[in-house]
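K.L.:
Can you keep this structure in mind? I'll have questions shortly.
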Amino acid sequence: MFVSERMAKNLITAGPDMTIFEAKTIMAEKGFRHLPIVDSAGKLIGIVSDRDIRAAMPSTLLKKADYEITLAKIMNFPVEDIMTKDPLTIYAYYTIQDTLLVMQKKKVGALPVIDQEGYLKGLLSVRDLLRSFVSVLNIDEPGCLLCIVVNAKEKTGQMKKIVDIITEERIALGSILVARAWDNNKRAIFPYLLTNNIINVKKKLIANGFELIDPMQWYLDHQQPQKAE
């Protein structure tokens, strides 16, 4: 799946001379968190996030009168003063998977999409990515998630056996995810079945030598502590 299929295209943009007050108002009224900044030709020159606006606000430790005076001055500053200049961008032909990795690595909530000349063509946010994966994985359809533990050293044949067992029960398969091996011998496969009647398929999987565990239990058992940043 490509960025062009999931990016927001009908964007509201701003020029660098728009005031912070105007940008804050637009973002609040329209319910979005990122505002692309373009020049008069439509080329991307920056982006403003709700975080940028919050960071520009005066300290709440100020006395009320001083706070209001400072706030009024700040709100009249142009967004050019707080925007991220020359932000990280992507192209419409990038894949959703690659874009997710970029967002995770760079810790950004949205990426402007530009063409080869630098003209803004769209915006892809974390929300767009979530909707994409919900659609791809079919998890918006009623069903059940299984967790099947397999031998990581057996490179071929296991997936086919699992799919064959599921299809023999005339069960529609929404998606299949494969987790990285958590040790040298085991790997977890997560098929999402578009049914709630999974008793027979679980019995057949166990009869064919597969180990089944609760997906949530697998998740809890294999969480790694977050490193402090």
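K.L.:
Applying the selection to region 69-94, what residues are of a type outside the set (A, V, I, L, M), over 30 Å from residue 7 (Cβ atoms) and surrounded by 12 or more Cβ atoms within 10 Å (Cβ to Cβ)?
P.N.:
First, the residues of region 69-94 that are of a type outside the set (A, V, I, L, M): 70, 73, 76-78, 80-81, 84-87, 89, 91, 93-94.
Adding the requirement that they be over 30 Å from residue 7 (Cβ atoms) leaves 70, 73, 76.
Passing the criteria: only 70.
K.L.:
Do we find that residue 139 is modelled with pLDDT under 95 and β-branched (Val, Ile, Thr) in this structure? Let's see the steps before the verdict.
P.N.:
Values: modelled with pLDDT under 95: yes; β-branched (Val, Ile, Thr): yes.
Answer is yes for this residue.
K.L.:
Under the condition of being surrounded by fewer than 16 Cβ atoms within 10 Å (Cβ to Cβ) and of a type in the set (S, T, N, Q), which residue from region 95-108 is nearest to residue 3 (Cα to Cα)?
P.N.:
95
K.L.:
Applying the selection to region 198-216, what residues are in contact (Cβ under 8 Å) with a residue 24 or more places away in the chain and not in a strand (DSSP E or B)?
P.N.:
Our first condition is that a residue be in contact (Cβ under 8 Å) with a residue 24 or more places away in the chain; within region 198-216, this holds for 198, 200-202, 204-205, 208, 210-215.
Residues satisfying the conditions are 198, 200, 201, 202, 204, 205, 208, 210, 214, 215.
K.L.:
Further question: Kindly indicate whether residue 166 is closer than 22 Å to residue 215 by Cα and surrounded by 13 or more Cβ atoms within 10 Å (Cβ to Cβ).
P.N.:
yes
K.L.:
Would you please name the residue that is surrounded by the fewest Cβ atoms within 10 Å (Cβ to Cβ), looking only at residues in region 1-38 that are aliphatic (A, V, I, L, M), in contact with a helix residue (DSSP H, G or I) (Cβ under 8 Å, 6 or more places away or on another chain) and in a strand (DSSP E or B)? Break it down into steps so the answer makes sense when it comes.
P.N.:
Taking region 1-38 first, the residues aliphatic (A, V, I, L, M) are 1, 3, 7-8, 11-12, 14, 18, 20, 23, 26-28, 35, 37-38.
From what's left, in contact with a helix residue (DSSP H, G or I) (Cβ under 8 Å, 6 or more places away or on another chain): 1, 3, 7-8, 12, 14, 18, 20, 23, 27, 35, 37.
The next check asks that each one be in a strand (DSSP E or B); those that pass are 8, 14, 35, 37.
Working: 8: 16, 14: 22, 35: 27, 37: 25.
Step by step, filter region 1-38, then rank; the result is 8.
K.L.:
Residue 190 - would you say it is at pLDDT below 95, touching a Pro at 6+ places or on another chain (Cβ under 9 Å) and of a type in the set (Phe, Trp, Tyr)? Can you show your working first?
P.N.:
Details: at pLDDT below 95: yes; touching a Pro at 6+ places or on another chain (Cβ under 9 Å): yes; of a type in the set (Phe, Trp, Tyr): yes.
Yes, satisfied.
K.L.:
What is the one condition in (1) at pLDDT below 95; (2) over 30 Å from residue 135 (Cα atoms); (3) among the β-branched types (Val, Ile, Thr) that residue 95 does not satisfy?
P.N.:
Every condition holds for residue 95 apart from (2).
K.L.:
Here is a further query. Across region 56-87, which residue is nearest to residue 110 (Cα to Cα) among those that are part of a loop (DSSP other than H, G, I, E, B) and free of Cβ contacts under 8 Å to residues at least 24 places away in the same chain?
P.N.:
Let us first name the residues in region 56-87 that are part of a loop (DSSP other than H, G, I, E, B), namely 57-63, 76-77, 82-83, 86-87.
The next check asks that each one be free of Cβ contacts under 8 Å to residues at least 24 places away in the same chain; those that pass are 57-63.
Details: 57: 22, 58: 25, 59: 27, 60: 28, 61: 31, 62: 33, 63: 35 Å.
Once the filter is applied, the top-ranked residue is 57.
K.L.:
(1) surrounded by fewer than 17 Cβ atoms within 10 Å (Cβ to Cβ); (2) under 14 Å from residue 192 (Cα atoms); (3) β-branched (Val, Ile, Thr): which one isn't true of residue 171, the others all being true?
P.N.:
Status for residue 171: all satisfied but (1).
K.L.:
Looking at (1) under 30 Å from residue 173 (Cβ atoms); (2) in contact with a Lys or Arg (Cβ under 7 Å, 6 or more places away or on another chain); (3) not acidic (Asp, Glu), which is the only condition residue 126 fails?
P.N.:
Residue 126 satisfies all of (1) under 30 Å from residue 173 (Cβ atoms); (2) in contact with a Lys or Arg (Cβ under 7 Å, 6 or more places away or on another chain); (3) not acidic (Asp, Glu) except (2).
K.L.:
Looking at region 44-102 only, could you name the residues that are of a type in the set (S, T, N, Q) and over 30 Å from residue 136 (Cβ atoms)? I'd like the intermediate steps shown before the answer.
P.N.:
Taking region 44-102 and keeping what is of a type in the set (S, T, N, Q), we get 49, 59-60, 70, 76, 84, 89, 95, 97, 99.
Correct list: 59, 60, 70, 76.
K.L.:
If you scan region 39-68, which residues turn out to be surrounded by fewer than 20 Cβ atoms within 10 Å (Cβ to Cβ) and β-branched (Val, Ile, Thr)?
P.N.:
The answer is 45, 60.
K.L.:
Related question: Can you tell me which residue within region 130-160, out of those that are surrounded by fewer than 15 Cβ atoms within 10 Å (Cβ to Cβ) and part of a helix (DSSP H, G or I), is nearest to the chain's Cα centre (by Cα)?
P.N.:
130
K.L.:
For residue 111, indicate whether it is surrounded by fewer than 17 Cβ atoms within 10 Å (Cβ to Cβ) and in contact with a helix residue (DSSP H, G or I) (Cβ under 7 Å, 6 or more places away or on another chain).
P.N.:
On the way: surrounded by fewer than 17 Cβ atoms within 10 Å (Cβ to Cβ): no; in contact with a helix residue (DSSP H, G or I) (Cβ under 7 Å, 6 or more places away or on another chain): yes.
No: the conditions fail for residue 111.
The values are calculated or read from the model by the stated rules, or taken from the named source; none is laboratory data. All figures in this text were calculated on a predicted structure; none of them were measured in a lab. With ideal geometry, Cβ positions are generated from the backbone for all residues, glycine too; neighbour counts draw on all protein chains shown.
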